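Notes to accompany the following structure.
The values are calculated or read from the model by the stated rules, or taken from the named source; none is laboratory data. Keep in mind that this is a model prediction, so the values were computed, not measured. Here the Cβ is made from the backbone with ideal geometry for all residues, glycine too, and neighbour counts use every protein chain on show.
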Amino acid sequence: MKKKEIMIDVDNVSMRFNLGIEKGFSLKQWFVDFGKHKKKKKNEFWALKDVDFKINRGEVVGFIGANGAGKSTLLKVVAGVMKPTKGSVKAYGNICPMIELGAGFDSQLTARENIYLNGAVMGYSKALIDSKFEEIVEFSELRDFLDVPVQNFSSGMVARLAFSIATIVEPEILIVDEILSVGDIAFQAKSEAKMMEMISGGTTVLFVSHSINQIKKMCDRVLWLEHGVVQKIGGKEVCDEYIKFMEKK
């Protein structure tokens, strides 16, 4: 039996934010607090608490949970966008994070210029973008808008362009946050087909979606997160348990 190869190792990760809701400073308040030997309390919020899991090469793992459960924060930690307060994340392969599509665009530049800009931000060489330029344009279906500033694009057009750039290479690890719900129905189907193609090629995928049907269709395992705490990791039956939990709320 072939030994499974670990691609992502998340070891007891916790993530703390300071909401920064503190009293305004004044000299009078300082004397009052000093006299009472009081210290200001930080308004701490733990978005993730002792999250622990491993993902093997070629696995497609879905992340489910209510809004604010910590799913997007967890993906950003795995992608290296955020550093955890506690714990560690090890990734054994190049990562393509498809989180907040279009965040790396300059709205005043044209689509053509943003293809090169965004590609550079994602670590692609100019030579690679040159060789893939036609493929990007064809997939995005934005050929007639190449020389239009992105600030004049609809959110769907921005998402189409960003998705087309992000998927020109097949990474070892793909991180996807709700992107298959952007654009019109035809482009959603096209994006899903592209995702399935990448999955069949052996790409390891971390996938967040509020569509339980999509999670069941695409994922091998499911991780259920609630208030930053892992409730359960398992097969697709975790989706059914999550639905029952939500129906009782």
Subset tally (residues that are farther than 17 Å from His227 by Cβ, among the small types (Gly, Ala, Ser) and modelled with pLDDT of 90 or more) for region 8-66 | 2
Exactly one condition in (1) assigned by TED's automatic domain parsing to the domain that holds Gly65; (2) small (Gly, Ala, Ser); (3) over 30 Å from Ile212 (Cβ atoms) is not met by Gly87; state its number.
-> (3)
Expected single match for touching a Gly at 6+ places or on another chain (Cβ under 6 Å) and either more than 18 Å from Gln108 (Cβ to Cβ) or modelled with pLDDT of 90 or more (or both) among Arg143, Arg160 is Arg160
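Conditions (1) within 15 Å of the chain's Cα centre (by Cα); (2) closer than 27 Å to Asn67 by Cβ; (3) β-branched (Val, Ile, Thr); (4) modelled with pLDDT of 90 or more, marked per residue:
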site: Asp177; (1), (2), (3), (4): yes, yes, no, no
site: Gln188; (1), (2), (3), (4): no, yes, no, no
site: Glu197; (1), (2), (3), (4): no, no, no, no
site: Val205; (1), (2), (3), (4): yes, yes, yes, yes
site: Ser209; (1), (2), (3), (4): yes, yes, no, no
site: Ile212; (1), (2), (3), (4): no, yes, yes, yes
Report, by residue number, each residue of region 50-75 that is over 20 Å from Val238 (Cα atoms) and buried (at least 19 other Cβ atoms within 10 Å of the Cβ).
-> Thr73
Any idea how many residues of region 117-151 are surrounded by fewer than 16 Cβ atoms within 10 Å (Cβ to Cβ), of a type outside the set (A, V, I, L, M) and in a helix (DSSP H, G or I)?
-> 9
Condition met for Val121 (within 20 Å of Gly80 (Cα to Cα) and not assigned by TED's automatic domain parsing to the domain that holds Asn213) = yes
Index of the failed condition, Ser200 passing every other in (1) surrounded by fewer than 21 Cβ atoms within 10 Å (Cβ to Cβ); (2) hydroxyl-bearing (Ser, Thr, Tyr); (3) in contact (Cβ under 8 Å) with a residue 12 or more places away in the chain | (3)
For region 224-240, name all the residues that are surrounded by 14 or more Cβ atoms within 10 Å (Cβ to Cβ) and of a type in the set (D, E, K, R).
-> Glu226, Lys232, Lys236
Qualifying residue in region 152-161 (condition: among the polar types (S, T, N, Q), more than 18 Å from the chain's Cα centre (by Cα) and assigned by TED's automatic domain parsing to the domain that holds Gly123) = yes
What is the number of the single condition among (1) under 14 Å from the mean Cα position of the chain (by Cα); (2) modelled with pLDDT of 95 or more; (3) of a type in the set (A, V, I, L, M) that Val89 does not meet?
-> (1)
Of all residues making up region 63-116, the number that are in a helix (DSSP H, G or I) and touching a Lys or Arg at 6+ places or on another chain (Cβ under 6 Å) = 0
